[in-house]
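Novice: Mind looking over this structure? Questions follow.
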Amino acid sequence: MEKSHSARKRTAFIIGLGLIGGSIARAIRMAHENAAIIGYDVRSGVRQRALSLGVIDRCADSVESVAREADFIVLAAPVGAVIETIERLAAVELKKDVLITDTGSAKRLITTRARAVLGDRYVFIGGHPMAGSHKSGVAASRADLFENAFYFLTPDRHAGPEDIERLKEWLKGTRARFLTIDAEIHDRIVGVLSHFPHLIAAALVHELKDFPDHGLNISRFAAGGFRDITRIASSDPLLWQDIVYHNRDVLIDCFSSWGERMERIQELLREGDVEGIKRFFLEAKMFRDQFPVKQKGTIPSANDLYLDIPDRPGEIARVTAAIAEGNVSLTNIQVIEWREDVWGVLRLSFPSAEARDRADALLKKKGYATYVND
């Protein structure tokens with residue numbers, strides 16, 4: 001009798017060994033101890049790094065050399081590279097029951113191309129984990145990266161319920177919250193929640209860059225709200241060029257509605273409509289205040305803690321010492337405002353919300369006034 005999927009030795013092939021691919025590999029290992037995990041990345045140094053870190057069991061020299069022995073294939077690469085790899089897989093004789101998925105953030109083009117070139121020969125289910133980190137690369141990967149995050153699955157009509165369950169079984173170590181959704185709806189959702197905000201953030205930075213600074217070097221003042229709003233503009237330019245290009249029709253629609261909204265705000269300002277202006281901010285506040293707290297979303301949280309700190313010698317050292325005493329990892333520290341005889345604001349960044357909350361408790365015990373800005 002043939003062994004069941006859960007009993008026999010199975011092979012997972014991860015193509016793309018960055019933060020996402022590495023984290024999925026780690027999650028698979030956590031949930032499937034006897035699964036063989038093979039990895040491929042176009043950069044040989046990354047392949048060797050993943051192997052040395054124990055993220056994968058073996059390196060592949062090419063996609064084609066290993067794909068035929070895989071039971072599960074994950075395409076963890078930018079959208080354009082995913083589409084190219086799907087076409088390469090179509091030229092290989094894969095296992096009949098192989099399950100193929102991806103992690104790209106624009107699903108329509110990927111799922112459409114997968115169906116066109118793979119046909120009914122193999123099961124492909126699009127996927128998009130809605131989590132990330134400010135760190136990149138396989139060295140930053142971790143099994144719990146997707147824990148409690150939404151993980152979109154975009155199967156087409158050829159993937160049955162049993163195939164979706166097979167995919168969830170492979171990915172159960174992520175501890176993500178799986179949500180099956182139509183690919184077009186997915187692209188519209190992430191367009192407005194993630195892709196469009198990245199464009200707006202970059203545009204705001206350009207606005208500041210091109211603003212006459214009157215010899216004041218005004219970028220040095222951009223340490224408060226402007227920095228928070230534009231944080232995501234520091235994301236990888238090549239990655240975001242790929243993302244917005246492959247979801248450009250959705251973004252064009254977003255710009256159309258955005259333009260109408262901006263025209264309405266301009267009208268309120270021209271007319272001096274005080275009540276209308278207040279209503280604009282009030283409605284935004286009421287809707288924003290309903291957002292879930294401490295839930296992973298399309299844009300990674302900064303996990304920042306703010307601290308009011310007096311201008312005294314050694315004060316920052318005392319703060320960091322308190323955090324170190326609690327064995328909490330600190331990833332960044334910034335003085336937002338520091339003037340003589342004025343209390344400053346210290347921004348402390350942590351690798352996770354859990355680390356931030358532990359530091360918060362430690363500092364409160366030391367008498368510091370702390371707050372978060374979720």
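We did not get these values from a lab; they are worked out from the coordinates using the rules stated. Note that this is a predicted model, so its numbers are computed, not measured. We place every Cβ from the backbone using ideal geometry, glycine too, and count neighbours over all the protein chains shown.
Novice: Can you compute the FRET efficiency between ILE333 and ARG8 using 1/(1 + (r/R0)^6), with r the Cβ-Cβ distance and R0 = 45 Å? Round to the nearest 0.05.
Specialist: My answer for the efficiency is 0.35.
Novice: Using the beta-carbon distance between LYS285 and LEU53 and R0 = 45 Å, what value does 1/(1 + (r/R0)^6) give for FRET efficiency, to the nearest 0.05?
Specialist: 0.50
Novice: Hey, in the GNM for the chain with a 10 angstrom Cα cutoff, which one of ALA27, ALA149, ALA140 fluctuates hardest?
Specialist: Evaluated over the chain, the most mobile residue of the options is ALA140.
Novice: Same structure, new question: Mind checking which of PHE124, PHE150, PHE280 has the largest fluctuation in a GNM of the chain, springs on alpha carbons under 10 Å?
Specialist: Largest GNM mean-square fluctuation: PHE280.
Novice: Would you calculate a helix-derived [θ] at 222 nm for the chain, using -39,500 (n - 2.57) for each DSSP H run of n ≥ 4 and dividing by the full residue count, to the nearest 500?
Specialist: One gets -13000 deg cm²/dmol as the mean residue ellipticity at 222 nm.
Novice: Follow-up. Find the all-direction average of the projected area of the Cα convex hull for the range 11-181, expressing the result in square nanometres with one decimal place.
Specialist: Its average projected convex-hull area is 8.5 nm².
Novice: If you build the convex hull over the alpha carbons only and average its shadow over all orientations, what do you get for the range 128-220? Give it in nm² to one decimal.
Specialist: 8.8 nm²
Novice: Could you point to the residue in ILE243, VAL205, LEU216 farthest towards the positive end of the range 186-288's charge dipole, with +1 and -1 charges on the Cβ of Lys/Arg and Asp/Glu respectively?
Specialist: Final value for the positive-end residue is LEU216.
Novice: In what sequence, highest mean first, do 318-325, 68-75 appear when ranked by Cβ atoms within 10 angstrom?
Specialist: Going by the mean number of other Cβ atoms within 10 Å, highest first, we get 68-75, 318-325.
Novice: What residue among THR174, THR101, THR85 shows peak mean-square fluctuation when the chain is described by a Gaussian network model with Cα springs under 10 Å?
Specialist: THR85
Novice: Further question: Would you kindly compute the Cα radius of gyration of the chain and its largest Cα-Cα separation (Dmax), both in Å?
Specialist: Considering the chain through its Cα atoms, Rg and Dmax are 23.7, 80 Å.
Novice: Just to check I understand the Karplus step: with θ = phi - 60° and J = 6.51 cos²θ - 1.76 cosθ + 1.60, what whole-Hz values come out for the range 25-41, glycine and proline as x?
Specialist: 4, 5, 5, 5, 4, 5, 9, 9, 4, 9, 7, 8, 10, 10, x, 9, 9
Novice: Another question about this same structure. Report, in cubic angstrom per residue, the convex hull volume of the C-alpha atoms of the range 186-288.
Specialist: Dividing the Cα hull volume of the range 186-288 by its residue count gives 137 Å³.
Novice: May I ask you to evaluate 6.51 cos²θ - 1.76 cosθ + 1.60, the Karplus curve with θ = phi - 60°, for each residue of the range 73-79 and list the ³J(HN,Hα) values in order in whole Hz, giving x for glycine and proline?
Specialist: After applying 6.51 cos²θ - 1.76 cosθ + 1.60, I find 10, 10, 9, 9, 8, x, 4 Hz.
Novice: If you don't mind, there's one more thing I want to ask. Once you have the Cα-Cα distance between LEU239 and GLU87, take 0.36 nm times their residue separation minus that, and quote the gain in nm to one decimal.
Specialist: 52.7 nm
Novice: Next question. Which order do the peptides 161-168, 246-253 come out in when sorted by mean C-beta neighbours inside 10 angstrom, highest first?
Specialist: Sorting 161-168, 246-253 by mean packing, highest first, produces 246-253, 161-168.
Novice: For the chain, take the longest principal axis of its alpha carbons; what is the angle in degrees between that and the long axis of helix 196-209, to the nearest 10 within 0 to 90?
Specialist: Roughly 40 degrees, rounded to the nearest 10.
Novice: Considering only DSSP beta bridges with both partners in the range 11-181, what is the antiparallel share in %, to the nearest 5?
Specialist: Of the beta bridges lying entirely in the range 11-181, close to 20 percent run antiparallel.
Novice: Which FRET efficiency value, to the nearest 0.05, is calculated for GLU147 and SER349 with the Förster distance at 25 angstrom and r the Cβ-Cβ distance?
Specialist: 0.80
Novice: Right, another one. For a quick check: sort GLU84, GLU263 by the number of other beta carbons within 10 angstrom, fewest at the front.
Specialist: Starting with the residue having the fewest Cβ neighbours, the order is GLU263, GLU84.
Novice: Follow-up. Once fully extended, how much extra length lies between GLU69 and LYS209, figured as 0.36 nm per residue of separation less the alpha-carbon to alpha-carbon distance?
Specialist: Going from the current span to full extension adds 45.2 nm.
Novice: Nearest 10 degrees, 0 to 90: what angle lies between the long axis of helix 274-288 and the longest principal axis of the chain (Cα atoms)?
Specialist: 40 degrees
Novice: Separate question: Sum up the charges of everything whose Cβ sits under 11 Å from the Cβ of ILE56, counting Lys and Arg as +1 and Asp and Glu as -1, but leave ILE56 out.
Specialist: Value of the local net charge: +3.
Novice: Relative contact order of the chain: what whole-number percent is it, with Cα pairs under 8 angstrom and at least 6 residues apart?
Specialist: The normalised contact order for the chain reaches 13 percent.
Novice: Based on the Cα coordinates of the range 4-83, what is the per residue volume of their convex hull in Å³?
Specialist: Hull volume over Cα atoms, normalised by residue count, gives 89 Å³.
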